[in-house]
Amino acid sequence: MAAMLFDDRRQAGRQLAWHLEFLRGHNVVVLGLARNGVPVAYEVAQELGAPLSVLVVRTMRVPWQPEWKFGAVGENGVRVLDDAVVREAGLSPAEQRVVERRARAELAWWVRHYSAGRQALPLAGRRALIVDDGLATGLTAETACRVARGQGAAEIVLAVPVGPAAVVTDLHDVADDVICLQTLLHMDSVGAWYHHFGQTSDAEVADLLVRAAHPMPAVPLVAAAPSPRLWRRQVQLPAAGVRLAARLTLPDEAPAVVAFAHGSGSGRHGRHNRYLADALNRSGLGTLLLDLLTEDEEHDRGNVFDVLLLARRLRAATDWLRHETGLPVVCFGRGTGAAAALEAASAPDADIRAIVSRGGRPDLVTPTALARVRAPTLLIVGSRDATVVELNRRAADRMHCEHRLVAVPGATDLFTEPGALAKVAELAGDWFTAHLAETPTETPLRRSA
């Protein structure tokens, strides 16, 4: 399955905003990289109800090979160099200085141009959300992050629709979080991932800045018509003596709620979990993204693999969710979280209607517990993750409930390959929908803030 193409930057921004909802109300300033990042950033700012500004970065190119970018410059003297390109091009320090002087002159002009008649948005002590239309080399993104850090931003989140995996990984060195909707192993150009990728005009940037300063009344964000209206709540769940942070999303007329059980190195803010939750929301299912461990507990690796502890907390969370919404509850597990879901579902009084495991560790569940699971279970693995494939196959042999093992072709353990995560979302949505019983109606749905 091919990776998703975006129609244009505005549509990419709306999809990106969908994944940044967790930032709402957290003292955010949205910074669009001029010029092509501004249409994407505008949509994000509109959804988050956050102010929008422009961040200007100028790239530096090898004079006799202009397609080669060897660096970028930003305000306050920020400069980032690609040492490998400098060496390969044989650029002398004097040649670099000539290009840099020209780039800084252009930078100063554009900064004055965009700031004319507008009051600068201070970043000191705030969360800077830097948005662009995609990543290529990462030079401009790194420069932007360093500029924001130099202006006193307390936290920096970089968000883009698409980018290469290696660049995304490297940018974690300069950003506190990097959100990339499609992380690709190989990527030729950003424009290849858009149907319409013309240059953003200066007039369009100016128009979007004016509109952002005088916003229309907010409307609920939907993925695309006729997607359902969504109700969202940040909650704290009581579970076995602790309170767990969670994010509850309920579409109108949702037939069930999917409780996510995360594994090692994952969490309710993880981009893969948000992607999958959003896909299920668009299909009409509710979702609960929660962390089964507190921040302090996560530092102890023993807790991550304590399946019984995770299962007790997941049971408490599903009981709360069922009582709170009056809807059937299904579980979507990853890694040790999948083991916790199976363990929780093995209890005689468990009321978990269906389970989907993504790259799960059912081998961590005792054979006795596996044999007691009654919930229809879908085990999704990556075909190239040979170890986990075998562990899931052995676990499936011990299960007596309806179950199925599906290997996503060409996928590894994280399902980062083009189209792999979309396939997981499709399989999960179909499984949950096919195995839902009639929705109970006796318990009122609570949507208070």
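The values are calculated or read from the model by the stated rules, or taken from the named source; none is laboratory data. Everything quoted here is computed from the prediction, not taken from an experiment. Neighbour counts run over all protein chains shown; Cβ positions are idealised from the backbone, glycine included. These accessible areas exclude ligands, DNA and RNA; they are computed on the full protein's heavy atoms, side chains included. Shrake-Rupley method; radii C 1.70, N 1.55, O 1.52, S 1.80 Å.
For region 19-45, which residues satisfy the criterion of being assigned to a helix (DSSP H, G or I), open to solvent by 10 Å² or more (accessible area, probe 1.4 Å) and modelled with pLDDT under 90? Walk me through it before giving the result.
Filtering region 19-45 down to residues assigned to a helix (DSSP H, G or I) leaves 21-23, 38-45.
After this cut, where a residue has to be open to solvent by 10 Å² or more (accessible area, probe 1.4 Å) as well, the list is 21-22, 42-43.
Within region 19-45, GLU21, PHE22 qualify.
Within region 115-131, track down each residue that is open to solvent by 20 Å² or more (accessible area, probe 1.4 Å) and either under 18 Å from ALA72 (Cα atoms) or in a helix (DSSP H, G or I) (or both).
SER115, the sole residue that qualifies.
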For this session: Kindly establish whether ALA354 is closer than 14 Å to PHE260 by Cβ and within 23 Å of the chain's Cα centre (by Cα).
Result: no
Exercise. Mind checking whether some residue in region 328-350 is without any contact (Cβ under 8 Å) to a residue 24 or more places away in the chain, over 22 Å from LEU276 (Cα atoms) and surrounded by fewer than 22 Cβ atoms within 10 Å (Cβ to Cβ)?
Worked result: yes
For this session: Only residues that are open to solvent by 60 Å² or more (accessible area, probe 1.4 Å), out of contact with any Gly (no Cβ under 8 Å at 6 or more places or on another chain) and part of a loop (DSSP other than H, G, I, E, B): list them for region 352-390, please.
Result: THR366, ARG374
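Looking at region 350-406 only, could you name the residues that are of a type in the set (S, T, N, Q) and out of contact with any helix residue (DSSP H, G or I) (no Cβ under 9 Å at 6 or more places or on another chain)?
Looking only at region 350-406, we keep the residues that are of a type in the set (S, T, N, Q), and these are 357, 366, 368, 377, 383, 387, 392.
If the condition is that a residue be of a type in the set (S, T, N, Q) and out of contact with any helix residue (DSSP H, G or I) (no Cβ under 9 Å at 6 or more places or on another chain), then THR368, THR387 are the ones that fit.
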Seminar exercise, completed: Note: among ALA192, ALA206, just one is in a helix (DSSP H, G or I), open to solvent by less than 50 Å² (accessible area, probe 1.4 Å) and not charged (D, E, K, R), namely ALA206
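Just need a number here: residues in region 236-259 that are assigned to a strand (DSSP E or B) and either in contact with a strand residue (DSSP E or B) (Cβ under 9 Å, 6 or more places away or on another chain) or among the charged types (D, E, K, R) (or both). If you could, list the steps in order and put the result at the bottom.
The initial filter retains those residues of region 236-259 that are assigned to a strand (DSSP E or B), namely 236-239, 242-251, 257-259.
From what is left, the residues that are either in contact with a strand residue (DSSP E or B) (Cβ under 9 Å, 6 or more places away or on another chain) or among the charged types (D, E, K, R) (or both) are 236-239, 243-251, 257-259.
Qualifying residue count, region 236-259: 16.
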Exercise. Among the residues of region 420-430, is any free of Cβ contacts under 8 Å to residues at least 40 places away in the same chain, part of a loop (DSSP other than H, G, I, E, B) and surrounded by fewer than 19 Cβ atoms within 10 Å (Cβ to Cβ)?
Worked result: no
Problem set entry | Of the criteria (1) surrounded by 14 or more Cβ atoms within 10 Å (Cβ to Cβ); (2) more than 28 Å from VAL29 (Cα to Cα); (3) modelled with pLDDT of 85 or more, which one PRO228 fails | (3)
Exercise. Which one of the conditions (1) under 19 Å from the mean Cα position of the chain (by Cα); (2) crowded, with 21+ Cβ neighbours inside 10 Å; (3) more than 18 Å from ARG14 (Cβ to Cβ) does THR169 fail to meet, given that it meets all the rest?
Worked result: (2)
Problem set entry | Residue in region 316-326 that is of a type outside the set (Asp, Glu), in a helix (DSSP H, G or I), in contact with a strand residue (DSSP E or B) (Cβ under 9 Å, 6 or more places away or on another chain) and closer than 26 Å to THR169 by Cα present | no
Problem set entry | Residue count for region 59-100, restricted to those that are without any contact (Cβ under 8 Å) to a residue 40 or more places away in the chain, open to solvent by less than 30 Å² (accessible area, probe 1.4 Å) and in a loop (DSSP other than H, G, I, E, B) | 1
Problem set entry | Number of positions in region 271-305 that are under 15 Å from the mean Cα position of the chain (by Cα) and in a helix (DSSP H, G or I) | 11
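Listed residues GLN199, GLN182; which is surrounded by fewer than 19 Cβ atoms within 10 Å (Cβ to Cβ) and at negative phi?
Details: GLN182 fails: surrounded by fewer than 19 Cβ atoms within 10 Å (Cβ to Cβ).
Just a single option satisfies the conditions, and that option is GLN199.
Being part of a helix (DSSP H, G or I) and not hydrophobic (A, V, I, L, M, F, W, C) is the filter; apply it to region 46-58 and report the residue that is nearest to ALA212 (Cα to Cα).
From region 46-58, those part of a helix (DSSP H, G or I) are 46-48; that's our starting set.
In the following step, the residues that additionally are not hydrophobic (A, V, I, L, M, F, W, C) were identified as 46-47.
On the way: GLN46: 7, GLU47: 11 Å.
Only one residue fits best here, namely GLN46.
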Exercise. Open to solvent by 20 Å² or more (accessible area, probe 1.4 Å), part of a helix (DSSP H, G or I) and under 27 Å from THR318 (Cα atoms) - does that describe any residue in region 405-415?
Worked result: no
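Return the total of residues in region 405-449 being among the hydroxyl-bearing types (Ser, Thr, Tyr), at pLDDT below 90 and under 18 Å from LEU288 (Cβ atoms). If you could, list the steps in order and put the result at the bottom.
Restricting attention to region 405-449, the residues satisfying the condition of being among the hydroxyl-bearing types (Ser, Thr, Tyr) are 412, 416, 433, 439, 441, 443, 448.
From what is left, the residues that are at pLDDT below 90 are 412, 416, 439, 441, 443, 448.
The next check asks that each one be under 18 Å from LEU288 (Cβ atoms); those that pass are 439, 443, 448.
Summing the residues that are among the hydroxyl-bearing types (Ser, Thr, Tyr), at pLDDT below 90 and under 18 Å from LEU288 (Cβ atoms) in region 405-449 gives 3.
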Exercise. So which of LEU123, LEU129, LEU107 is farther than 26 Å from GLN11 by Cβ, touching a helix residue (DSSP H, G or I) at 6+ places or on another chain (Cβ under 9 Å) and touching a residue at least 40 places away in the same chain (Cβ under 8 Å)?
Worked result: LEU123
